[in-house]
Amino acid sequence: MNKTIFTLGLILATSAQGALTAATRAPFSNDTLTKYQWALQASDHRVLRDDTDIRSQEVSAIPGRSADVQASPDGFASVMKKNIVVAVLDSGVEVQHADLAAILYHNDKECLNGGIPYKPEADKDANGYKGDCIGWNFMVPAGAPNENNPDDDLGHGTHVAGIIAAQIGNKTGVAGITNRVRILPLKVTGAADANAANSSISASTALTSRVIKALRYAIEKRVDVINISMGWPAATDSAELRQTFAQAQQAGIFIVAAAGNNNNNSFNFPCSYPGVLCVAATGIDNTLTGFSNYGGQVDISAPGEEILSTYPNAKAPMNFSVKGYELLNGTSQAAPFVSAGVAVLKGAYPGISADEIKARLFSAAQDLEKGKFTLFGTLKIQSALNMSARPVVAPDFKGLSRALFNAGEGVVQIALPVKNYWQAADSVSVTVQSLSANFALESGSSQTLSLASGEQKNLALVARIQDQSASSSVKIRVTVQTSFGARSFVHEFELSRSLKNDAAVMRLPIRLLPGTSAAVIKTTMTVNDVAGISDAPDYYFWEAKEGQLHLSILQMNGSSYQQRHIELPAGTKNILNFMKVPLANGMQGYWIGTMGLAADGKTKTMTYLLVSEDLVSQRRVITFSPETVVMDKDAVTSLQFALQNSSGLVPVFTTIGKIPKADVNPDGFQFENNSPMRRVFYLKAVQEKGAWTYQTRNFDNYQFTDGVRAALGLNFQQDLRLITMLPQSVNSLDRIRLLYAYGSQDLKRFVVVETRGEWLDQHKFELRPMDYSSSMMASGVAAPVTDLTDNFAVKNSAVSFGVFLTPIKAQNLFFDLNARVQGEFILQSSTTKDLLISLVQSFRRGAEYFTFAQSKSNLIMQVNNSNGSVRRYESSIHRATWPGISSTELLFPAVVQNGSRLSPAIYVDATQMYSNHIYFWTESDEGKLIAPAKLNLDIPSECRALTPQKFTDYKNKNFAVLMCGGSTSAELRILPLSL
């Protein structure tokens, strides 16, 4: 399973992808580097844009149609009537930078000789922030010595600030858009976020907490504009966050945010918040850059390719040769151009409304040349200043990421807002056209409106889905005709099936024990059944009561689920893992890992609980004191189980560690490498004085190595290397299989080593050599194959082994558990820039071999047939990347009943990313990759989506699963996965 990874922080500025050629004509100003700033006023600038690692193309500014912002050499000083304060919520700013020091906001009451005081003792302006002379550092704890110093340790915020307001005409460096701006640096992220080894929901929550504090500070300071070149996933979005944004807007603050750099049309936050101006990135040729996000929910675009701006002097630039300046790409660079444009309008027209600002920017925007789209085109500041009053009417797509329908009728109802941002207009003609054959508009598609200035009306659209098995993605075009002409707007959104009153949904009641709140059900997790031994899934949750954890399991009993309590060892503070395992004599049980405190309340303990499925006939508490390895994430991911007559269930896993004492070679004269390396370990339960403990053992020690090398006829120069554990099959739960590579450095051969529980202590094995050799495969990743042959899904029936040959090409080898090669296939990304990220899952159906892979922008499905034919399809997936943190939709293998056959599928959980729904990628009737509307499921607010499961009592069908709890009752809702 691919877990959701969360990234928090800034919209990551991509490194400059090519080279920028300076203009040869007269420079924009006397600043020494403005000849490189094509975005101010493009002339004969050229960009060498990388196509591949070795091939580039030269792209030039288009005379009269370039994406420059129409900057003014005087920084619009002649038209701006007052200074404007722009708060930059970012990584801070280098406050002593020669091109920025003069344009920073100063709170004079709190300054010391015009600078930031060190460890100030008094809060001179009584605002709760001691010594806040130039902004604040929200990254550090309250009371830290540097809390009043928003110094930039990342470079991102300094770059953004320079785009807005780097000093013009000081014969130094670069020029900003205007110097009648004062930058208020509010540090909400930095190197600590960008360098985080592991990002998480909690880390992202920390970011949004800092953003809330910074917004409130900006409101208190009565700033005019806020620039936010960052974002966060839905998992950490909150009502408090949205409310604080709304409060800032109500205070008259105009907010600008970056759209993101992931080349998709997902709804990112805060860009999709109401009223926030969302900005995409254009290149020098006035097309959206290859990395920029896009869509009707993105308001406008601005330059974001090869942007030269200020950079901390303490950091070495990677893409430019002058210290203190750097070339970067990104929507992070595009947003501050728009923030500067807003500042110019606010300074030129004091009292201007947010609606008029948008009207001027929108109506002045230059249409994009081709390709990806936004609501309006590229920023033109001078044109916006000169724009005369007129109706500016446009649809608002920010609330239309999905449209719900009922499966019984297939009818979609949409309330589409249309707003007039400026001069009142009568007889506004609005026409809506479906650009998708599966989405037929039945009413509301043509209307005539009268709209006062600032007025918004909703179009009541009714449409019908022609085929619910067709794609859930639809596109519409909205054309608005006013007295100033016509303009069309395109938007793409998803059709999502409402499960309310859906006749296909089956409800399995959950019988809760007295005293259990139904609300806790939404924290339920699925018991991990790696080998697929259960007839129906089990679930578990825990509650903390009076300092002790109370663990409950939900087991299926007939047509309902029953809550049962599992007693935990005293002092348990956390549940580490919960797995379904095979026991002796065909029984099943649970293996539960816990972390707790000993009786002294200080010493940490790790304890495992082994209980039978009935929770009665077998129960064993086993303590574990790590000797050379711990049960870390690496170990748990590979975890399998074997059975021994003496010890019972034996956990087996691979991780990096040393050989435990019991398995070290006793011959001190024979060299043995006992440095930390990847090995096969197992935990042997030993009973002493009535108590059970786990003893760490190593299977592939010197006895094993000597035996395998002898059996393979290897000499001392030839390598023997563990590659991975192979998945454990439900048909052979007593077997542990390991894949090894052996031979020379240049060419490796491969062998499957098979052992059993009773063989572990003797390091006994059987070898199954593979008729295959490769120079690359020793660095690959193994994944289980689900076999769909005979219209029955069998998990872990074979193995696919993927190896990345280049950043855009991978090899996938299919072989069965007896080491027989079934097929070897090459998978390649369709473009040289769309880098492969991971192989997601593999399936087999007769002669067809399915490989699902993730690239930077797409989900890829490739189908290889044993007759040599190949089908390959790809479609965009939603991903969001910010410095140090990356957020993507959770992916999990699934199976869909498609008519008379089973089809492979990928379950996608979007609830953590941007919207409360799940959906499935699978094959259409024609064998193409599709995300059908029928399986795009809206999650009710009282429910939580769990991974798809098979229920044996329901004809072995696969189901989407929702865990739902109200105030007094709970139930499992399941929906058959069928087209």
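A few remarks follow.
- Accessible surface calculations at 1.4 Å, restricted to protein heavy atoms, place region 363-484 at 42 Å² per residue.
- FRET efficiency, 1/(1 + (r/R0)^6) with R0 51 Å, evaluated for N645 and K370 via beta carbons: 0.10
- Per residue solvent-accessible surface (Å²) - region 231-287, probe of 1.4 Å: 23 Å²
- Here each label is just a point 7 Å from Cα along the line to Cβ, and for D535 and S353 those points are 6.7 nm apart.
- Estimated inter-spin distance, V140 and S483, nm [label 7 Å along Cα→Cβ]: 5.9 nm
- Here region 83-364 carries DSSP beta bridges of which approximately 20% are antiparallel, counting only pairs with both residues inside.
- Total charge dipole magnitude, the chain, about the Cα centre, Cβ charges on Lys, Arg, Asp, Glu only, Debye to nearest 20: 560 debye
- Relative contact order (%) - the chain, alpha-carbon pairs under 8 angstrom, separation at least six: 10 percent
- Within the shell of other residues whose beta carbon sits under 10 angstrom from the beta carbon of K119, the net charge comes to -1, with Lys and Arg scored +1 and Asp and Glu -1.
- Cα→Cβ-extended label distance, 7 Å offset, between A440 and F669, nm: 9.0 nm
- The residues of region 725-866 have, on average, 37 Å² of accessible surface per residue, using a 1.4 Å probe with all protein chains present.
- If only the Cβ of Lys and Arg carry +1 and only the Cβ of Asp and Glu carry -1, the dipole of region 402-498 around its Cα centre is close to 140 debye.
- Extension gain, D925 back to E567 (0.36 nm per residue minus Cα-Cα distance, nm): 123.9 nm
- With R₀ set to 60 Å, the beta-carbon distance separating R464 from E58 gives a calculated FRET efficiency near 0.75.
- If only the Cβ of Lys and Arg carry +1 and only the Cβ of Asp and Glu carry -1, the dipole of region 83-364 around its Cα centre is close to 340 debye.
- Whole-Å distance, taken between Cα centres, linking region 629-643 and region 75-103: 54 Å
- Taking the helices alone, the chain has a mean residue ellipticity at 222 nm of -3000 deg cm²/dmol, built from -39,500 (n - 2.57) per DSSP H run of at least 4 residues and averaged over all its residues.
- Cα shape, region 506-655, gyration tensor, a/c 1.5 rule: oblate
- Considering only GluC sites (Glu not before Pro) in DSSP loops that have at most 11 other Cβ atoms within 10 Å, the longest stretch of the chain without any of them is 547-925.
- On the beta carbon distance between S560 and S978, with R0 = 30 Å, the FRET formula returns roughly 0.80.
- Inter-centroid distance (Cα atoms) of region 139-166 relative to region 814-870, Å: 46 Å
- The spacing between region 208-236 and region 467-489, judged by their C-alpha centroids, is 33 Å.
- Long pairs among K187/K221; K315/K833; K130/K187, criterion Cα-Cα beyond 25 Å: K315/K833
- Kyte-Doolittle at least -1.0, axis length at least 27 Å by Cα - qualifying DSSP helices, the chain: 201-220
- Accessible-area composition of the chain, carbon plus sulfur, in percent [1.4 Å probe]: 49 percent
- The protection proxy used here, the mean number of other Cβ atoms lying within 10 Å of each residue, ranks peptides 507-514, 733-740, 66-73, 257-264 as follows, highest first: 257-264, 66-73, 733-740, 507-514.
The values are calculated or read from the model by the stated rules, or taken from the named source; none is laboratory data. Fair warning: this is a prediction, and the values are worked out from it, not measured in the lab. Methodologically, a virtual Cβ is constructed for each residue, glycine included, from the backbone with ideal geometry; neighbour enumeration extends over all protein chains shown. Heads up: the accessible areas ignore ligands, DNA and RNA and are worked out on the full protein's heavy atoms, side chains in. Shrake-Rupley method; radii C 1.70, N 1.55, O 1.52, S 1.80 Å.
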